[in-house]
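To start, the structure itself, in structure tokens.
Derivation of every value follows stated rules applied to the coordinates shown; laboratory data play no part. Since this is a predicted model, take the numbers as computed values, not measurements. Because the Cβ atoms are built from the backbone with ideal geometry, glycine has one as well, and the counts that use them run over all protein chains shown.
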2 protein chains.
Amino acid sequence: MQHILVLGAGLSSSALIRYLLQQASQVDWRITVADVSKKAAEQKIDGSLYAMAVQLDVANETEVQQLIKQHDLVLSLLPPMLHVAIARQCIAHQKHLVTASYITPEMQALHQDAAKAGVLLLNECGLDPGIDHLSAMKIIDEIHAQGGEVTSFKSFCGGLVAPEFDDNPWNYKFTWNPRNVVLAGQATAKYLEKGIVKYIPPRYLFENLQEVNVNGLGVLEGYANRDSLNYITPYGIETAHTVLRGTLRMKGFCEAWNLLVKLGLTDDTFTIEHANTFTYRSLLNAFVPGTNMEVLEQRTAQFLQLDINSEAFDKLRWLGICDKTPIALAKATPAQILQQLLQQKWKLNEGELDMIVMKHEIQYTTDKPHTIISELVVKGESQQYTAMANTVGLPMAIAAKLILLNKIDIRGVAMPLHKQFYEPILIELSTFGITFSEKEI
Amino acid sequence: MQHILVLGAGLSSSALIRYLLQQASQVDWRITVADVSKKAAEQKIDGSLYAMAVQLDVANETEVQQLIKQHDLVLSLLPPMLHVAIARQCIAHQKHLVTASYITPEMQALHQDAAKAGVLLLNECGLDPGIDHLSAMKIIDEIHAQGGEVTSFKSFCGGLVAPEFDDNPWNYKFTWNPRNVVLAGQATAKYLEKGIVKYIPPRYLFENLQEVNVNGLGVLEGYANRDSLNYITPYGIETAHTVLRGTLRMKGFCEAWNLLVKLGLTDDTFTIEHANTFTYRSLLNAFVPGTNMEVLEQRTAQFLQLDINSEAFDKLRWLGICDKTPIALAKATPAQILQQLLQQKWKLNEGELDMIVMKHEIQYTTDKPHTIISELVVKGESQQYTAMANTVGLPMAIAAKLILLNKIDIRGVAMPLHKQFYEPILIELSTFGITFSEKEI
């Protein structure tokens, strides 16, 4: 019998746990779901005979250690910053770990120790990062197998609202952690463009847009995401002159979001001590040059070098940042105040579904140049089994199964780049309707 | 006999230590100068009979504790982040502390404990913060004494090169910690303008300039510095509709500096792993949209919306950021790379002197409106006794003397705002040529 530990029973765990429970009835698995809320864990296991729910305080190292010792494999959906401590415990007790988080330098530093202990610390095995790696590596390996050379690699992914529920001027609703959305783009993005390393500081991130045409959805827009240079060597695409990973939004979103950035409303570096003495309007006034409240809209438009009747300005107004509504937070950063407002405005309502869109555009040469387009559009099943929960949780869960079935011989700190991962995982994902359409143009 | 401990024997300690040694021969003082370099400490005490030099590893808590226990008062010129730990030791052993650093929330939190122990933790007692407080509070107290109400408070200070050695297009040389200069303006500034709280994010800091006319120097420019709102209550100027503290530069500096900010070259948030594979030119190219190296100057000017023949663009070129010179750092942030370049270009050469400029402009009403202008211009004595070392070190040293002479009954965490401080310190500073010219207009 094999024992699997799932750390975290939040929103994103639904699909992962459902998959494990379904498998458990066929193979000899026992699942433990641990969460700070035992009730949340209980809800997720839904009375399964193969699973139990436990309450866990992740700050309690002894408790975490005891749990890890009793299991064969750990799947963690906890906040990324907790993963290095968990990985250390996994190495100490020779248990494999699967996460959907980016590999940090601290995680990477555990590689030798993990390999020596015969442990696999598999990270970046969710959606983005995760499915993007799986699907890209399948194409890249095929190109290399036919003697081709990748010359350009662009990959975009976005978590959006399904078109039938897209009814606001931003064409966006929160389908994932709102804080991550508000704080996206606070770091300098790095990528390769025609052989030149490019750095895009946060202030220009939402101005450097790529048009991304997606079959059935029209033209979306993508902005550069984090450090694309990091993937050149792992992907084996040193021949590429252009390497860009980006985030997708519906057209017009980035221009308007950039206005919030320009205004300073996404600033998370300082706390306003008595935020509740402000209205949204007086907060805006604090960031816009000048003092005459009567003409705040005009001053804002002028400051942003924007037509007051433009769609972008309408989006700002629609959010309510010009309204005299009091701010309901006692002490908060501008980003926290904005997030609270957006959570009301960009709420995915009861019965509404999300959508995941991913697109790779890969150019390569053999005796002639080629372009491969690979697209994925996934809509949510329900409000519990969202497209986001399914596309993050299923790759993790399937990878866990492969590891427990001894199908994976990779050890140490890894991303799912090898055929051992992408081949079986992509096949099984397609049984859940997560299927790329690929064409060469 | 009273024992004084000076922590730190760096550049800024010269005037402070000289003053203490001079006093020591008249009063019954013994001075210990502790530094990570015993040699630096020995050079500063210069064979004085009243002083000794010790080597100190500030990370060694026991060593620090032993030293503090043996003295009656501690003057610290160590990096600000070390001051809370030192302050805790001072409370534990009932010793007074004097620093020139800003009061952080962590320092402020020690107030009750310090007061209970009968200890004074005097901070912000250098130049800025320091002399600005002393000179402003003298004026503000006088206004209040005649029943006036302060309506506007603006105060500017800058460390510059003396005009006779000002021979570069930036009209600036490093006269103080270069890293602090490069990283100035990475936080949102806060101030009060016509009754409205104003936040200026870093990206606009060097665009929001105030003209500051200084007698004999012409029109300089000032940009908002940190959180001016913090001083409204301590200064007792709740009646003011405008409260702004700023940093002074020669005219044209901020416009050109803002270009470096816009380019991303002051970014200290990410590390370039193989910086030595870049030239200054290829680094610039990484930040400017486009890829054609041949027309990098034109692309840069266009990106910055600047005439390529403008003075501001000339300043950039003069720095060498368009040059094909290799970068000599293996691994560095853009800000660190820029700093290394600026340290060559903005070097205060052998025999050149610095200058401190401070200006307060205070408006108040009695039965009618008044404006008081108070100005200070101090030039360096020599390369050791710079204007900066003198104006930072002397207020600290004089405050220490007053405390040891039991002239100060204030306890807890404090700034030098009270008459007990400003009256004797300003009088003694004037004997060193540090004298404000005050006029009412």
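Chain B holds its axis-closest Cβ, relative to the rotation onto A, at the residue and whole-Å distance B:ARG203, 3. For the pair B:LYS69 and B:GLN146 in one chain, pulling the backbone fully straight at 0.36 nm per residue adds 23.2 nm over the alpha carbon distance. For the stretch A:195-237, the square roots a ≥ b ≥ c of the C-alpha gyration tensor eigenvalues yield an a/c of 1.5 or more together with a/b not exceeding b/c, which makes the shape oblate.
Over the stretch A:1-155, the hull volume per residue, using the convex hull of the C-alpha atoms, is 139 Å³.
Evaluated with a Cβ-only charge set (Lys, Arg +1; Asp, Glu -1), chain A carries a dipole of roughly 620 debye about its Cα centre, given to the nearest 20.
Would you work out if chain A is rounded, prolate or oblate? Take a ≥ b ≥ c from the square roots of the eigenvalues of the alpha-carbon gyration tensor; rounded if a/c is under 1.5, else prolate when a/b is larger than b/c, oblate otherwise. Since a/c reaches 1.5 but b/c is at least a/b, the shape of chain A is classed as oblate. Translational diffusion coefficient of the stretch B:326-440 (Stokes-Einstein, Kirkwood radius from Cα pairs, 20 °C, 1.002 mPa s): 121 µm²/s.
Taking amide hydrogens as placed 1.01 Å from N in the peptide plane, the amide H of A:SER101 sits under 5 Å from those of A:GLU124, A:CYS125, each at least 5 positions away in sequence or on another chain.
Rounded to two decimals, what is the ratio between the C-alpha radius of gyration of the stretch B:127-191 and 2.2 N^0.38 Å? Write down the numbers at each step before the final one.
Working: Rg = 16.5 Å, N = 65, 2.2 N^0.38 = 10.7 Å.
Rg over 2.2 N^0.38 Å, computed on Cα atoms: 1.53.
Once the Kirkwood radius over Cα pairs is known for the stretch B:221-358, the Stokes-Einstein relation at 20 °C and 1.002 mPa s delivers a diffusion coefficient of 124 µm²/s.
Relative to the other identical copies, A:LYS347 shows label-point distances of 6.4 nm, where the label point lies 7 Å from Cα along the Cβ direction and values run shortest first.
How high is the FRET efficiency from B:THR366 to B:HIS418, r the C-beta distance, R0 35 Å, rounded to 0.05?
The computed FRET efficiency comes out at 0.90.
Between B:GLN298, B:GLY393, A:MET293, the Cα set farthest toward the positive side of the dipole of the protein assembly as shown (charges on each charged residue's Cβ, about the Cα centre) is that of B:GLY393. Calculated FRET efficiency, B:GLN305 to B:LEU183, Cβ-Cβ distance, R0 = 25 Å: about 0.50 to the nearest 0.05.
Beyond 26 Å in Cα-Cα separation lie the following of the pairs B:LYS324/B:LYS345; A:LYS347/A:LYS401; B:LYS138/B:LYS368; A:LYS173/A:LYS359: A:LYS347/A:LYS401. Decide, for the protein assembly as shown, between rounded, prolate and oblate: order the square roots of the alpha carbon gyration tensor eigenvalues as a ≥ b ≥ c, take rounded if a/c falls under 1.5, and otherwise choose prolate if a/b is larger than b/c, else oblate. Since a/c reaches 1.5 and a/b is larger than b/c, the shape of the protein assembly as shown is classed as prolate. Between copies, A:ASP167 shows label-point distances of 7.4 nm, shortest first, with the point placed 7 angstrom from Cα along Cα to C-beta. The distance separating the Cα centre of the stretch A:100-177 from that of the stretch A:360-384 comes to 13 Å. Please compute the modelled spin-label separation between B:SER25 and A:TYR385, points set 7 Å along Cα→Cβ, answer in nm with one decimal. Here the modelled spin labels are 9.0 nm apart.
Take B:ILE441, push a point 7 Å out from Cα through the beta-carbon direction, and compare it with the same point in every other copy: 6.5 nm, smallest first. Rank B:LEU121, B:VAL64, B:GLN2 by how far each Cα sits towards the positive end of the charge dipole of chain B (+1 on Lys, Arg Cβ; -1 on Asp, Glu Cβ) and give me just the farthest. Looking along the dipole axis, the top candidate is B:VAL64. For B:VAL36, the residues 5 or more places off, or on other chains, whose built amide H falls under 5 Å of its own are B:ALA9, B:LEU56. With 0.36 nm allotted per residue and the present C-alpha distance subtracted, the A:THR62-A:MET81 stretch has 5.0 nm of extension available.
Highest mean packing first, where packing is the average number of other Cβ atoms within 10 Å per residue, the peptides A:69-80, A:317-328, B:239-250, B:357-368 line up as B:239-250, A:69-80, B:357-368, A:317-328.
In this structure, the amide hydrogen of B:ALA189, modeled 1.01 Å from its nitrogen in the peptide plane, lies closer than 5 angstrom to those of B:ILE200, counting only residues at least 5 positions away or on a different chain.
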